[in-house]
Amino acid sequence: MGTIGSMRPPALLAAAAVAVPTMIASLPASADAQATTCQPFVAVASPYAPVDGQAHAGTVTVFTPAGRTTLSQAGLGGQTPELNDSFGASLVRGDFNGDGCDDLAVGASEEFLGAPIPDADGNGVVHILYGSAKGLHLAGTLDVTRLGRKPDTDRFGAALAAGDIDGDGDDELVVGAPGIEGGGGIGIFGLKKAKPYQNGTLITQDSPSWVGQELGATDQFGAAIAVGDFDGDGRGELAVGAPGDGGLRFGAGQVTIINLKTRYAGPYTQESPNVKGLGEKWDSFGAALASGDFNGDGRDDLAIGVPGEDLSMLVRGMDYGDGAVNVLYGTKRGLSAIGSEIWTQDIPDIKGVARYSDRFGSALAAGDLNGDGDDELVIGVPGESAVQILAGTKTGGLTRNHNMLLPGPRDSDFGASVAVERQGLVIAAPGIGRVTLVKTQVKKGSYTGVIPESASTLATGPAGSLYGYALS
């Protein structure tokens with residue numbers, strides 16, 4: 001099923017909008033959430049939304065069973081919405097205080113802590129909101145000073161991730177700051193039962209010393225982050241993308257796996273042994289990351305977006321790339337490139353046609369969509385305005401069998417962000433300000449479980465606001 005001209009399948013239609021509060025109220029809560037009567041939510045970011053006349057200040061819309069609430073920096077952590085703050089540049093959900101309720105972290109990567117500097121990247125802040133039976137409330141606000149640094153063009157909060165890194169039962173918050181001087185960095189907050197808004201641990205490519213990498217000013221270490229238990233020991237490891245890294249191959253990209261317990265940092269590129277593909281300039285290996293258990297062995301695996309990968313013969317200089325996704329599998333010794341895979345739309349039986357501006361792999365998400373105990377991989381293809389879905393299996397991991405291509409409205413950036421929720425697959429088209437829900441069903445085996453005909457509009461917002469740029 002192709003995507004060029006008349007070969008393009010009909011776009012997913014939204015015949016009727018979902019009643020969001022009703023939909024969220026029907027979510028099956030976790031046992032912990034039921035015990036503490038937590039209020040479930042879905043968060044949709046609009047980082048370019050105007051606030052109080054300030055363009056691109058940003059908002060986040062939170063949907064709960066009680067209705068919807070629009071958050072901005074007004075009243076959060078003493079901040080005032082300002083021009084180009086980009087509140088909502090990133091979102092992540094996690095249980096940061098261990099009470100069984102989901103909490104929410106919101107990045108405003110272009111916020112300045114002092115007077116804004118024209119045409120400069122922002123310092124960045126992250127707001128942490130605790131969940132409860134009554135909804136979300138502000139717990140604290142972070143900036144780079146919590147890592148012992150003075151604010152600079154850090155873009156602190158450009159990426160966020162959450163997971164239990166130290167095995168203490170609650171989630172740690174990981175904040176990407178790809179603009180930190182020297183090539184970027186990440187901050188880890190909440191280790192050893194500390195509050196997530198207290199001082200954190202800074203990791204860069206050469207600090208602590210055991211990370212042992214060379215710095216590159218444009219590496220963007222921390223532009224993408226994922227947490228996964230790749231060795232199955234009950235503690236999460238970190239995957240940190242540096243899509244601008246690459247040495248002489250500018251922008252080829254690198255991903256570093258960091259294990260705090262063993263003080264190990266291992267880099268992967270498309271030049272690494274057993275990693276499929278060939279590292280080339282501007283591939284952006286590591287621009288997107290997602291962890292999930294694709295083969296059902298109890299260990300997380302890692303999907304790595306390479307949206308700049310060139311496959312077509314007719315590549316034009318200003319086009320971004322056909323795109324690819326590398327997948328590495330977890331073992332008892334940690335993540336391994338042995339048996340790794342590369343997925344593109346050039347592979348036989350994979351639906352769709354690779355084009356030089358598809359940006360396949362720009363967004364990634366993982367989750368058990370078909371209810372068989374292993375995770376599926378959701379791949380955003382925003383240049384094609386589509387989403388590709390690969391089924392996970394217990395007999396070898398991801399498979400091309402029954403793969404699915406979900407097309408959206410043309411030129412809408414459909415697939416620029418994706419999320420797996422309990423109620424199904426959520427797909428954003430920030431180019432037109434639409435978020436779509438596609439329901440799923442139990443269908444065990446090499447099936448995705450996705451029901452394309454169930455697609456309906458979850459929510460809409462002004463197109464110029466990048467409504468749906470981030471989801472949680």
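The values are calculated or read from the model by the stated rules, or taken from the named source; none is laboratory data. Given the structure is predicted, the values throughout are model-derived calculations rather than measurements. When we count neighbours, we look across all protein chains shown, and the Cβ atoms used for this are built from the backbone with ideal geometry, even at glycine. For accessibility, only protein heavy atoms count, side chains too; no ligands or nucleic acids. Shrake-Rupley method; radii C 1.70, N 1.55, O 1.52, S 1.80 Å.
Worth pointing out:
- Modelled FRET efficiency - R0 45 Å, residue 193 with residue 411, Cβ distances, 0.05 increments: 0.40
- Square roots of 5 times each gyration tensor eigenvalue, C-alpha, the range 210-336, largest first, Å: 26, 17, 11
- The range 334-472 - accessible surface per residue (Å², probe 1.4 Å): 33 Å²
- Taking the Cα centre of the range 170-253 as origin and assigning +1 to Lys and Arg Cβ atoms and -1 to Asp and Glu Cβ atoms, the resulting dipole is close to 220 debye.
- Percent RCO, i.e. relative contact order, over the chain, from Cα pairs under 8 Å lying at least 6 residues apart: 12 percent
- For the chain, the ratio of Cα radius of gyration to the globular rule of thumb 2.2 N^0.38 Å stands at 0.90.
- Alpha-carbon radius of gyration plus Dmax, which is the widest Cα pair, for the range 70-149 in Å: 13.2, 43
- For residue 232, neighbours were defined as the other residues whose beta-carbon sits under 12 Å from its Cβ, and their charges (Lys and Arg +1, Asp and Glu -1) total -4.
- Listed residue (59, 458, 120) projecting farthest to the positive dipole end of the chain, Cβ model: 458
- Within the accessible area of the range 89-237 (1.4 Å probe), percent carbon and sulfur: 44 percent
- Taking the Cα centre of the chain as origin and assigning +1 to Lys and Arg Cβ atoms and -1 to Asp and Glu Cβ atoms, the resulting dipole is close to 720 debye.
- Considering only 428, 148, 105, and ranking their Cα positions along the charge dipole of the chain that arises from unit charges at the beta-carbon of Lys, Arg, Asp and Glu, the one farthest toward the positive end is 428.
- Placing pseudo-labels 7 Å out from each Cα toward the beta carbon at residue 207 and residue 297 gives an inter-label distance of 3.7 nm.
- More than 24 Å apart - percent of Cα-Cα pairs taken over the range 112-237: 29 percent
- The Cα trace of the range 368-472 gives Rg and Dmax of 13.5, 45 Å, the first to one decimal, the second as a whole number.
- Grouping the Cα pair distances of the range 344-423 into 5 Å bins from zero gives a pair-distance distribution of 3, 17, 25, 25, 18, 8, 3, 0 percent in increasing distance order.
- Extent along principal axes [Cα atoms of the range 287-412; Å; largest to smallest]: 43, 27, 23
- For the range 397-451, the alpha carbon convex hull comes to 93 Å³ per residue, rounded to a whole number.
- 3J(HN,Hα) from dihedral phi, the range 277-291, Karplus parametrisation 6.51/-1.76/1.60, rounded to Hz, x for glycine, proline: x, 10, x, 9, 4, 6, 5, 6, 4, x, 5, 9, 9, 8, 9
- Annotation: average projected area of the range 171-245 is 5.2 square nanometres, based on the convex hull of Cα atoms across all directions.
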